[in-house]
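The values are calculated or read from the model by the stated rules, or taken from the named source; none is laboratory data. Note that this is a predicted model, so its numbers are computed, not measured. Ideal geometry is used to build each Cβ from the backbone, glycine not excepted, and the neighbour counts take in all protein chains shown. Remember, those area values only see protein heavy atoms, side chains included, never the ligands or the DNA or RNA. Shrake-Rupley method; radii C 1.70, N 1.55, O 1.52, S 1.80 Å.
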Amino acid sequence: MKAVVMAGGEGTRLRPLTSNQPKPMVPIVGKPCMEHIVELLAAHGLTEVIVTVAFMPQAIRSYFGEGESLGVSIEYSVEESPAGTAGSVKLAEERLDETFLVISGDALCDIDLSALIAAHKEKGAAVTIGLKSVDNPLEFGIVVTDDDGRVERFLEKPSWGQVFSDTINTGIYVCEPEILRHVPSDRPYDFSKELFPLLLDMGRPLYGHVCDGYWQDIGNLDQYRQANFDALDERVRLRLPGVRLRGNVWIGDGVETDDLDAIEGPAFIGNYCLIAPGARVGPYSVLSPSVTLRENARTTRSVIDAGTYIGQAGLIEGAVIGRSCEIRSHVQVNEGVAIGDEVTIGAESVIASGVRIYPSKEIERGAFVQKHMIWESRSSPRLFGMAGVSGLVNVDLTPETAVRLAAALGSALKRSGRVVASRESPAVCRVIKRAMLSGLASTGVAVADLRVLPAAVGRHLLMTEGFDAGFHVGMSATDPEVVQIYFFEPPGIQLTPELQKEIEKHFSRGELRRVAAAHIGEIEYPARVRETYASDLLATLDADGIRERGFRVVVDYGYSASSYVLPLVFGPLGVEVVAAHGFSTNRSQSGGTPLEDSVDGAKRLVPAVGADLGAVFDLAGERMYLIDERGEEVPAEQVLLLFVKLVGAAGRAGKLAVPVTATSLVDELVEGTGLEVVRTAHSLADLTRSAAEKGVVFAGATGGGYVFPEFLPAYDAVAALSNLLQLLTPVRTPISELVAGLPVSSLVHHELPCPWAMKGVVMRVLNEKLADRRLDLLDGIKVFDERGWMQALPDPDEPLLHIYAEGRDEEETAALEAELRGLVDEILQGDKAGALT
């Protein structure tokens, strides 16, 4: 006997889950609902299956194919225009020449189909309708039968006053093929509303058979969740994949968890899920394959589809979440929420109960979402942030994304272009970099692969060998799950806005250059680039003076590849190095140690070995953190002032570049020297572009990055430490005394939440309110008066506003900060009040 599976439903009441997939494809405990139905058919010997498809038919075809993996043979009947339930089956009439069974692909059940077929044959019926007793029949079609099971009456969605029976139509029918002759082919036609009443009037034998077992229509989100929960409670007999533990916990293949007690049944954990330490899977949690729960995240009474990422301390309660969503840290998703596929929810956001968020939306950080999001998006996603392109590993920065990004870079360059590439040591950096090499080569661009080396070596090669662009793949210093891709262009500076826009254009439009096989770009591995880098750096230093001084230095490499480079510089300089945490493939796979641990270790080691100073590098080998001879860490702001003072004392003349947010003490320290302070916008790109200009001798910021443009206009910890030793060579005063002699700034910095939509309003109104004051509009709004200065600066990557203030003392600084904060709060509160009225 053949079976017809009706799989043409759109499932409008199940949106947003069905916004981009047919209703039969919504997952029930890790499998599409229709797969459970096909498995039920196969279990009852119904292996010849015809599937009627209408809405997004390819989604069903591509998943089930011809049915071999499920032990059945599947054919498809496509409903080109709406034909109704009976009309869709009539389209397959030529293939239905004997008794056949009709069943919905979007209603979960384990009904005994063999018993239903046997009852049909026993009664000699034209149609036998599968019936089911339910507590609340109002939402279904009621079928009234006599004592022999013969149908007497149909009632479609009756009122309670019309309820004469609790047996409802399940949509499962056993039919004789001749009934299809009564179905018109020129208009939509329904089984229960039209064909069955017609057959009843004609006196044809229609019977109902009350079926034992489970049956649940998945008509709305509550029913969908309940079907999943019923499967966990085994109220419906399904073939659940995976291994069964403790009676009611199912674990799939490749699941990563170090604590099975963190999973409280009943629960289903699909293949390749990751449950991080401290994460909890509460009862009635259904996690489809490749779901990630980061540290301290928790789910309970929720259904989460494949590939979704739940960040640290995320809380998902009573919700339904689609495929490939990215839910950042400390997000709370409440009861009854439904989230479509590929939605991004920013950190610390709250999604109120009952909210529906349709696919591909992005919720900004810290948002409180209280209404459905159907068409609009809370923020416009940007490809480039302040530090290049970054994203969660295999969540929003995947190898596929990396290939496309690199192809966009290659498309923005000439086909004969040359790019230099490097990476940090973790394995994920290797994966992303190799994907980018493929993307670049596909556009005809040649690549020099430096493999594991600091970005500074690549920048140096870019400057000296005429390359057109470069990139470096590294890890975030604050989140081991985040990969960062830094881009640069000649002469080693951060990417300019012009090239950045070209890359974004090609990436977003998909306008990627593809070359013929003969023109695929070459990948080469240059030799002796470390030695060339070291030689050129040594050429800018007073090697004899440094060697004569005889420094002893503690260097914590932070597991960076700088340990491949620094010995080539310090060896000829005669610097005695006590090193820690050099490059190690095994240890660095996790992204190195936290910076705080490296600093703490160096603080103990410096006085223990009697070193003149200590330096701690970040994993990228770009930033340097200073430890004095007593083992005390020098605050980053004081290190900047120390460099400024030493550069001035060395008698160097020229320009000194610092961000507009840096302390005014920089200006005081250069008074009477040959230095001129140049203020840049608050970004590394602007700082390095200024550093590359003629006459700049030093550039730096308060984050540990320092630039000596004579060698390279970029952050470079090796060059910064080498130049620090040169500046200290004529100075016999210990580091601690030099720092003690520096002025101390009262500069403060705070972050205020500011919605994306309000940033422009805040800045416009601030500009109007402060128009009569002395302003600097280089970056944000900086206000000067006799007390000092204050600055409002919108964050380009997050819904934040940065507030800076610096007065002559802490009291005046606090007053300036409070004044600016008050103005911003007044604007934000005024907008909220206006929205309410």
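Please go through region 224-246 and give me each residue that is in a loop (DSSP other than H, G, I, E, B), over 28 Å from the mean Cα position of the chain (by Cα) and more than 15 Å from GLY282 (Cα to Cα), ordered by number.
Once the filter is applied, which keeps residues that are in a loop (DSSP other than H, G, I, E, B), over 28 Å from the mean Cα position of the chain (by Cα) and more than 15 Å from GLY282 (Cα to Cα), region 224-246 yields GLU234, ARG235, VAL236, ARG237, LEU238, ARG239, LEU240.
I'm trying to understand the selection: among the residues of region 454-476, which are within 18 Å of ALA561 (Cβ to Cβ) and either surrounded by fewer than 24 Cβ atoms within 10 Å (Cβ to Cβ) or acidic (Asp, Glu) (or both)?
LEU461, SER476
Let's see how each residue does on (1) open to solvent by 10 Å² or more (accessible area, probe 1.4 Å); (2) in contact (Cβ under 8 Å) with a residue 24 or more places away in the chain:
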{"position": "ARG15", "(1), (2)": "yes, yes"}
{"position": "THR18", "(1), (2)": "no, no"}
{"position": "PRO24", "(1), (2)": "no, yes"}
{"position": "GLY30", "(1), (2)": "yes, yes"}
{"position": "MET34", "(1), (2)": "no, yes"}
{"position": "LEU46", "(1), (2)": "no, yes"}
{"position": "MET56", "(1), (2)": "yes, yes"}
{"position": "SER77", "(1), (2)": "no, yes"}
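Which members of region 329-345 meet the condition of being surrounded by fewer than 22 Cβ atoms within 10 Å (Cβ to Cβ) and either among the basic types (Lys, Arg) or assigned to a loop (DSSP other than H, G, I, E, B) (or both)?
The answer is SER329, HIS330, ASN334, GLU335, GLY336, ASP341, GLU342.
I need the full set of residues from region 495-531 which are in contact with a Leu (Cβ under 8 Å, 6 or more places away or on another chain) and in a helix (DSSP H, G or I), in order please.
ILE503, GLU504, HIS506, PHE507, SER508, VAL529, ARG530, GLU531
Tally time: how many residues in region 405-426 are polar (S, T, N, Q) and assigned to a loop (DSSP other than H, G, I, E, B)?
2
Of the residues ARG356, ARG415, which is open to solvent by 50 Å² or more (accessible area, probe 1.4 Å), within 30 Å of GLU498 (Cβ to Cβ) and more than 14 Å from the chain's Cα centre (by Cα)?
Selected residue: ARG415, the only one of ARG356, ARG415 that is open to solvent by 50 Å² or more (accessible area, probe 1.4 Å), within 30 Å of GLU498 (Cβ to Cβ) and more than 14 Å from the chain's Cα centre (by Cα).
List, please: which pairs have Cβ atoms under 6 Å, are six or more places apart or on different chains, and start with a residue in region 1-13 that is touching a residue at least 60 places away in the same chain (Cβ under 8 Å) and end with one that is of a type in the set (D, E, K, R) and assigned to a loop (DSSP other than H, G, I, E, B)?
Between residues of region 1-13 that are touching a residue at least 60 places away in the same chain (Cβ under 8 Å) and residues that are of a type in the set (D, E, K, R) and assigned to a loop (DSSP other than H, G, I, E, B), the close pairs are GLY8/GLU79; GLY9/ASP106.
So ALA714 clears everything in (1) of a type in the set (A, V, I, L, M, F, W, C); (2) within 36 Å of the chain's Cα centre (by Cα); (3) not in a loop (DSSP other than H, G, I, E, B) except one condition, right? Which one?
That leaves (3) as the condition not met.
Please specify each residue of region 532-565 satisfying the condition of being assigned to a loop (DSSP other than H, G, I, E, B) and either closer than 17 Å to LEU727 by Cβ or not aromatic (Phe, Trp, Tyr) (or both).
Residues satisfying the conditions are ALA539, THR540, LEU541, ASP542, GLY550, PHE551, GLY558, SER560, VAL565.
Based on what the data block shows, is LEU778 open to solvent by less than 40 Å² (accessible area, probe 1.4 Å) and out of contact with any Cys (no Cβ under 7 Å at 6 or more places or on another chain)?
Here the answer is no, as LEU778 does not meet what is asked.
Can you tell me which residue in region 69-104 is modelled with the lowest pLDDT, limited to those that are assigned to a strand (DSSP E or B) and of a type in the set (Val, Ile, Thr)?
Among them, the one singled out is VAL78.
Could you tell me which of the residues GLU10, GLU35 is in a loop (DSSP other than H, G, I, E, B) and in contact with a helix residue (DSSP H, G or I) (Cβ under 9 Å, 6 or more places away or on another chain)?
GLU10
Show the residue pairs meeting these rules: Cβ distance below 7 Å; 6+ apart or different chains; first residue within region 618-637 and on the phi < 0 side of the Ramachandran plot; second residue part of a loop (DSSP other than H, G, I, E, B) and among the acidic types (Asp, Glu).
LEU619/GLU424; ALA620/GLU424; GLU622/ASP716; GLU629/ASP612; VAL634/ASP628
Quick one: VAL744 ticks every box in (1) surrounded by fewer than 23 Cβ atoms within 10 Å (Cβ to Cβ); (2) of a type in the set (A, V, I, L, M, F, W, C); (3) under 34 Å from the mean Cα position of the chain (by Cα) except a single one, so which number is it?
(3)
If GLU68 satisfies all but one of (1) of a type outside the set (Val, Ile, Thr); (2) closer than 24 Å to GLU234 by Cβ; (3) open to solvent by 20 Å² or more (accessible area, probe 1.4 Å), what's the number of the condition it fails?
(2)
Go through (1) more than 40 Å from the chain's Cα centre (by Cα); (2) part of a strand (DSSP E or B); (3) aliphatic (A, V, I, L, M) for LEU727 and report which single condition fails.
(2)
Give me the residue from region 105-133 that is of a type in the set (Ser, Thr, Tyr) and surrounded by fewer than 24 Cβ atoms within 10 Å (Cβ to Cβ) and, out of that set, modelled with the lowest pLDDT.
It comes out as SER133.
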